[in-house]
1. Given the structure, is Arg311 surrounded by fewer than 14 Cβ atoms within 10 Å (Cβ to Cβ) and either over 23 Å from Val93 (Cα atoms) or not aromatic (Phe, Trp, Tyr) (or both)?
2. Within region 192-232, how many residues are modelled with pLDDT under 95 and either closer than 29 Å to Asp73 by Cβ or surrounded by 18 or more Cβ atoms within 10 Å (Cβ to Cβ) (or both)?
3. From Arg12, Arg21, grab the single residue that is part of a helix (DSSP H, G or I), under 19 Å from the mean Cα position of the chain (by Cα) and closer than 26 Å to Val155 by Cβ.
4. Just one of the numbered conditions (1) modelled with pLDDT of 95 or more; (2) farther than 27 Å from Ala223 by Cα is not true of His35; which one?
5. Being small (Gly, Ala, Ser) and within 10 Å of Trp161 (Cα to Cα) narrows it down to one of Ser217, Ser189, Ser197, so name that one.
6. Consider Ala324 carefully, then state whether it is touching a residue at least 24 places away in the same chain (Cβ under 8 Å) and part of a loop (DSSP other than H, G, I, E, B).
7. Considering only residues that are under 18 Å from the mean Cα position of the chain (by Cα) and not polar (S, T, N, Q), which ones fall in region 61-87?
8. What pairs come out if I take residues in region 35-51 that are closer than 14 Å to Thr260 by Cα and pair them with residues that are at pLDDT 90 or above and of a type in the set (A, V, I, L, M, F, W, C) whose C-beta lies under 6 Å away, six or more apart or interchain?
Amino acid sequence: MTFAAALAAELRASGPMPLARAMQLANAHYYATAHALGPGGDFVTAPEVSQMFGELIGAWATDLWVRAGQPADAALVELGPGRGTLMADLLRVAALAGWHPPVHLVETSPSLRRQQAARVPGATFHDRIDTLPGDGPLIVIANEFLDALPITQFVAAGAGWTVRHVVAGPAGLAFQDVEPVKLAFVPESIRDAEDGSIYERNFAAEQVVAALARRLSAQGGAALVIDYGHEGPALGDTLQAIHKGVFADPLAVLGDGDLTAHVDFAACRAAARRAAPVLVLGPVNQGAFLMALGLRQRADRLKAAASLDLRAALESQVARLAGAAAMGRLFKVMALVGSGWPWPAGFPTVEG
Ligand code: SAH
């Protein structure tokens, strides 16, 4: 039985389930089936496009650690490390500077944990960020992690707003908007939107960012959050599913496709600032960020020793990571910086 069919059977008995809960269950199921990422998988993330991505993030992290005075107790953390590719590429660069930090990976999927352990020997695994070390600075990387966390969709209905739920309909899973909600959840600027308008909130992502802010402010360090998204508050349904490399109806492929939503960077920034006195930088476009870190120079360096085919491949990787029509503009980079830590590379020198 597919995940969607099993959920439909359950909902027939138990009634509507909030979209956020359904998305959480579906993605937990999905990521536990090892073929999501990488060559032949459903989708290709930046570290899987090119080794240069993880290398530049490695240069970013190592530079920060060096300028912070090379604290011996600093640890590296990655949230949702996928196949472990980014961390493996990052650690090669760190090692060039003589930095061999302990690595902590926050990952819930058992099959992805196995792949990560193979690429990053010696890493310590965590189900949640709560169990990360509580002493010493943390340098945290999260690429395409927040977009996979469950969103709540508020839907305008008459004078109020409702919450989107998933129900079992005659033809399978369907959406149903129930329960009037407290208007305080919906920002005043969009409260009068026309019926059917959708306002999304990713409470899980906001909680993660707030928890990181508290950690960095107490322990020192910095976090780099990279994802696709926008600066809200905005109206619109951004829930999307990718199944076997193509966009699909989220409910039709629930649990068998990758379910994500745009990250609202403004909401995340506000959550961080509410939580602790951290510096919040960006978001800046991924293309500009990678170019500032030396993507062009790194590609030229690799090309100098490469075959003709490989040179063309490296050029197309640069275009995919940084080109405005590919990932360069849609994907954005935000940093949180703890007390007393240096200004990280790749961000303009004023706070966003
Ligand atoms: N960062 C990787 C993978 C992105 S896919 C890359 O860029 O290639 C999302 C990752 O987050 C997967 O590793 C998935 O298993 C993990 N993940 C999703 N939800 C999670 C949760 N609630 N807790 C921990 N890990 C989660």
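1. Here the answer is no, as Arg311 does not meet what is asked.
2. 1
3. Testing whether each residue is part of a helix (DSSP H, G or I), under 19 Å from the mean Cα position of the chain (by Cα) and closer than 26 Å to Val155 by Cβ leaves just Arg21.
4. Unmet for His35, out of (1) modelled with pLDDT of 95 or more; (2) farther than 27 Å from Ala223 by Cα: (1).
5. Unique residue meeting the criteria: Ser197.
6. So Ala324 passes the test.
7. Listed by number, the residues that qualify are Ala61, Leu76, Val77, Glu78, Leu79, Gly80, Pro81, Gly82, Arg83, Gly84, Leu86, Met87.
8. Asp42/Ile242; Phe43/Ile242
The values are calculated or read from the model by the stated rules, or taken from the named source; none is laboratory data. The model shown is predicted, which means the values in this text are computed figures rather than measured ones. Cβ atoms come from the backbone with ideal geometry, glycine included; neighbour counts cover every protein chain shown.
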